[in-house]
């Protein structure tokens, strides 16, 4: 393995279009790189599969927490009306679930929304105030019309020369070694 310079952040390779980026992402994944990211100005259908990313657990987290919220809301309403303060009002039973549906639904939606928001932040490791790719001179092009792959220097397979040659070989239009303060 080559010696890495202290301020080396990785390699940024630009590709011509979305098709080239998808093909290159699959080749980078197949080559065994793990710490890489694909950057484009818009989402690209099929990129998750090309990068070898697993399906997000966020949907399960939101569903489970919504059910937990609904269950807790219903349990609290049952306890207050049937156990803690059992009052007979107009001959109705202590636990009349129809009256509890709006609160139960509202709490389920609230807990699901909060789980979605904070779960998304946690799964995406946000907030990340600075990314190494911002050290690049070409980083402004990412939000406009550029399609890039960034291989981070802490990847096990990373070697400045070999990784650069590999990216050039799979169709990169330009290659930039990203350096920054340590």
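Let's see how each residue does on (1) exposed (fewer than 13 other Cβ atoms within 10 Å of the Cβ); (2) touching a residue at least 60 places away in the same chain (Cβ under 8 Å); (3) more than 25 Å from residue 118 (Cα to Cα); (4) within 42 Å of the chain's Cα centre (by Cα):
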| site | (1), (2), (3), (4) |
| --- | --- |
| 67 | no, no, no, yes |
| 71 | no, no, no, yes |
| 85 | yes, no, yes, no |
| 97 | yes, no, yes, yes |
request  = Taking residue 24 as the residue in question, decide whether it is in contact with a helix residue (DSSP H, G or I) (Cβ under 8 Å, 6 or more places away or on another chain), buried (at least 19 other Cβ atoms within 10 Å of the Cβ), at pLDDT 95 or above and not in a strand (DSSP E or B).
outcome  = yes
task = Look at segment 156-182 and say how many of its residues are part of a loop (DSSP other than H, G, I, E, B) and over 16 Å from residue 27 (Cα atoms).
result = 5
inquiry  = Filter segment 27-36 down to the residues that are in a loop (DSSP other than H, G, I, E, B) and touching a strand residue (DSSP E or B) at 6+ places or on another chain (Cβ under 7 Å) and list them by number.
reply    = 33, 35
ask   = Of the numbered conditions (1) touching a helix residue (DSSP H, G or I) at 6+ places or on another chain (Cβ under 6 Å); (2) farther than 22 Å from residue 38 by Cβ, residue 151 satisfies every one except a single condition; which is it?
value = (2)
ask   = Of all residues in segment 163-182, which are out of contact with any strand residue (DSSP E or B) (no Cβ under 8 Å at 6 or more places or on another chain) and modelled with pLDDT of 95 or more?
value = 165, 166, 169, 170
inquiry  = Residue under question is residue 116, and the condition is that it be touching a residue at least 40 places away in the same chain (Cβ under 8 Å), on the phi < 0 side of the Ramachandran plot, touching a strand residue (DSSP E or B) at 6+ places or on another chain (Cβ under 6 Å) and not in a loop (DSSP other than H, G, I, E, B); does it hold?
reply    = no
ask   = Has segment 137-155 got any residue that is assigned to a helix (DSSP H, G or I), loosely packed, with under 13 Cβ neighbours inside 10 Å and touching a residue at least 12 places away in the same chain (Cβ under 8 Å)?
value = yes
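The values are calculated or read from the model by the stated rules, or taken from the named source; none is laboratory data. Note that the structure is predicted; figures quoted are calculated from it, not measured. All Cβ positions, glycine included, derive from the backbone under ideal geometry; neighbour counts span all protein chains shown.
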